[in-house]
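Note sheet for the following structure.
The values are calculated or read from the model by the stated rules, or taken from the named source; none is laboratory data. Just so you know, these numbers come straight off a predicted model, no measurement behind them. Note that each Cβ is placed from the backbone with ideal geometry, even for glycine, and that neighbours are counted across all protein chains shown.
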Amino acid sequence: MTAEHPKKSVRIDKWLWAARFFKTRALASKACDLGRIRSNEIEAKPAREVRVGDMLRIKNEAAEFHIEVLALSDIRGPAPVAQTLYRETDESKERRLREAAERKAMQEFSPLPERRPTKRDRRRIIQFRRGS
């Protein structure tokens, strides 16, 4: 089974799903509708065709990716095969690593609780969240 597709283009929502940027095609389609996917700096609709050489900017729950399309596929395969469909730019990799380091540094400053909340503490937390 090869990742190559005999066509010259594939729907962007299918390609994003096959390249494992989203768990389902519906999520990929929704991301397109919300304007989180840009193809060659143009907002992409779910039915937009992806071609080899296109530059995509993808925002998903994990991070923002800037990638170049290297191959086409509308079949979701194993992760190592999916990673051969695209190449991430160096700037994108650096930015993602920097943001991950910043998030990790922020976690170090947040105080850890000394113990688990008691039943009374949990009730107070629930009341606080409800706004009572």
In the range 35-50, how many are farther than 30 Å from Ala101 by Cβ, assigned to a strand (DSSP E or B) and aliphatic (A, V, I, L, M)? 2
Out of (1) within 20 Å of Thr84 (Cβ to Cβ); (2) surrounded by 14 or more Cβ atoms within 10 Å (Cβ to Cβ), the one Arg38 does not meet is (1)
The lone condition Arg87 fails out of (1) on the phi > 0 side of the Ramachandran plot; (2) surrounded by 11 or more Cβ atoms within 10 Å (Cβ to Cβ) is (1)
Count, please, the residues in the range 51-96 that happen to be in a helix (DSSP H, G or I), touching a residue at least 24 places away in the same chain (Cβ under 8 Å) and farther than 19 Å from Phe22 by Cβ. 2
Checking Ser110, Ser73 in turn, the sole residue that is modelled with pLDDT under 95 and farther than 28 Å from Lys8 by Cα turns out to be Ser110
